[in-house]
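Working notes, structure below.
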Amino acid sequence: MIREEDVSKLFGPQLEMIGNPEIRDKVVTTWVLGCRKGGWEDVDELLDIPFTLLTDTYGINLVEHTIAVTEGAIGLALAQKETYGSMPYEVDMDRLVAGGILHDVGKLLEIEKLPDGTYAKSRSGKLMRHPISGSLLAAEAGLPDDYINTIACHAKEGEGRPKVLETVLIHQADFATFDPLVMKKKDMLIE
């Protein structure tokens, strides 16, 4: 069974950036709930889950993708803070980091491992995509609605919808890590 300590170890440096300990604990709880409800028993299983079923991940797993998106969103926020003479909006770094860690937590319910070792969309994943299942997990863990917005609206479900600023940054970082792999698979990425 995956415990709070396991999740804290996987995302340690990122979790340390969340200043509010109550939010930090709820982020960890959300991942633990996702593991439990998705049937993931140990960390080694987590480190094997592909971050998407839509294209070849070239070995990039869900945890690596989550860290890359979180760090990418932080980089986008810091680039603006360090470059703009005057910030036209405030970045909530707790919400940004928490949202980055949680943006794909619903994939713990959306993806299942088959007996032959391959991965497929689970029944839950067929009923609702990861932004919805992840939002439900975060709500169950007690996260506020503005944090849940970073999960619910980071993908196509958020198109044309109001978003907190951090959702926009997470969305951009997410697709910056996904689109090159799709292009590589289609032989459209010039290397």
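Read-outs throughout are calculated quantities, based only on the coordinates presented, and are distinct from any laboratory measurement. Bear in mind that the values here come from a model prediction, so they are computed numbers and not experimental data. Cβ placement follows ideal geometry from the backbone for every residue including glycine, while neighbour counts extend to all protein chains displayed.
One table, with the values for the structure above:
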| quantity | calculated |
| --- | --- |
| Pairwise Lys count, region 4-178 - Cα closer than 19 Å, eight or more residues apart or different chains | 14 |
| GluC sites (Glu not before Pro) restricted to region 75-161 and DSSP loop, no more than 12 other C-beta within 10 Å | 90, 159 |
| Sequence-separation-based contact order of region 35-83, relative, with Cα cut under 8 Å and 6+ spacing, percent | 23 |
| Of the DSSP H helices in the chain, those whose Cα atoms cover at least 15 Å axially and whose Kyte score averages 0.5 or more | 62-83, 130-141 |
| Nonlocal amide H pairs with residue 119, under 5 Å, H built at 1.01 Å | 114 |
| Local net charge near residue 61, Cβ-Cβ under 12 Å (Lys/Arg +1, Asp/Glu -1) | -4 |
| Where Rh is the Kirkwood radius over Cα pairs, Rg/Rh for region 4-178 | 0.96 |
| Within region 35-97, chymotrypsin sites (Phe, Trp or Tyr not before Pro) in DSSP loop having at most 14 other beta-carbon neighbours inside 10 Å | 58, 84, 89 |
| Computed magnitude of the charge dipole of region 46-191 (debye, nearest 20; Cβ of K, R +1, Cβ of D, E -1) | 480 |
| Residue-span extension gain [residue 87 to residue 179] - 0.36 nm each, minus C-alpha spacing | 30.3 nm |
| The chain, helix-only ellipticity at 222 nm - DSSP H runs n ≥ 4, -39,500 (n - 2.57), divided by all residues, nearest 500 | -18000 deg cm²/dmol |
| Mean separation of Cα contacts under 8 Å, 6 or more apart, over the residue count of the chain: relative contact order % | 25 |
| Spatial separation of Cα centroids for region 35-101 and region 127-162, in angstrom | 14 |
| Cut-off 13 Å, label 7 Å out along Cα→Cβ of residue 37, residues of region 81-108 by amide N | 105-108 |
